[in-house]
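This report refers to the structure that appears directly beneath it.
The values are calculated or read from the model by the stated rules, or taken from the named source; none is laboratory data. What you see is a predicted model; the values in this text were computed from it and never measured. All Cβ positions, glycine included, derive from the backbone under ideal geometry; neighbour counts span all protein chains shown. Keep in mind that these areas ignore ligands, DNA and RNA; they rest on the heavy atoms of the full protein, side chains included. Shrake-Rupley method; radii C 1.70, N 1.55, O 1.52, S 1.80 Å.
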Amino acid sequence: MSVDLEATLARPISLAEMVTAARATLAELLGLDTTPELSVFTDRRYEQGRRVASGRRLDEAELRSTTIGDPLEREPNGMPASIHLEIGVSGFADGAWLLVIDHETETGGVPEAVFSPYRTCVSVVVALAMALAVADLTGGEFTDDQIQLLRPGHTHPRHMVTATRLPPESGDFAQRCERYLRQFAHLGGWPRDVAMDRRA
């Protein structure tokens, strides 16, 4: 089952802006003052679902100088160009894949950021915060057609935040991520796992 969360990019933004906005959105959704750092990785490779290359973490200068939402050159076969990155959550093995696609012919030139989380509460909430932040920051649209936290699945990003955010309460980051998703009874307790194994 695919569980992508999507945002159109109405204007280009740097990866640094994306990460900063995502952490602020995450804190607002969970009712927390601070959230774990988010890292962006490139060149990670997988074979049969197992990571075989850990890739490289982008440093602060690269995050500031790398933008998403700019028109991309088409692939040699004429298909829309794309950027593949991966988001990591400090202190956790959780994360999400980020695919930025330039749907030039399909959507009139509006690029789209697609966040595909690992199947844990922490990962899904991080991916949600990132998609909401990108849509809100750029003036784009947020789409949740697959998980459908709220129905209908397509929702304005600020409406989603204000309608679903948790009040400030006790609990660590992982507990708050689980609490956030458990408010949506129609998910039936999905995802079952709160977080992947903690990193040493």
Exercise. Where only protein heavy atoms count, and the probe is 1.4 Å, what is the accessible area per residue for segment 1-57 in Å²?
Worked result: 53
For this session: Return the label of the correct value of P(r) over Cα pairs in 10 Å bins from 0, in percent, as calculated from the structure shown, out of (1) 8, 33, 35, 18, 5, 0; (2) 9, 37, 38, 15, 2, 0; (3) 8, 23, 27, 23, 14, 5, 0.
Result: (2)
For this session: Report the residue, chosen from ARG23, ARG50, ARG119, that carries the largest GNM mean-square fluctuation when the chain is represented by alpha-carbon nodes joined by springs under 10 Å.
Result: ARG50
Exercise. In whole percent, how big is the carbon plus sulfur part of the accessible area of the chain, probe 1.4 Å, protein atoms only?
Worked result: 49
Exercise. In whole angstrom, how far apart do the alpha carbon centroids of segment 128-152 and segment 1-61 sit?
Worked result: 14
For this session: Specify the residue with the greatest mean-square fluctuation among GLN48, GLN175, GLN146, computed from a Gaussian network of the chain linking alpha-carbon atoms under 10 Å apart.
Result: GLN48
For this session: Kindly rank 130-143, 89-102, 9-22 from highest to lowest mean number of other beta carbons found within 10 Å of each residue.
Result: 130-143, 89-102, 9-22
Problem set entry | GNM result for the chain, Cα springs below 10 Å: residue of GLY188, GLY55, GLY88 fluctuating most strongly | GLY188
For this session: Output the relative contact order of the chain, whole-number percent, from Cα pairs under 8 angstrom with separation of 6+ residues.
Result: 30
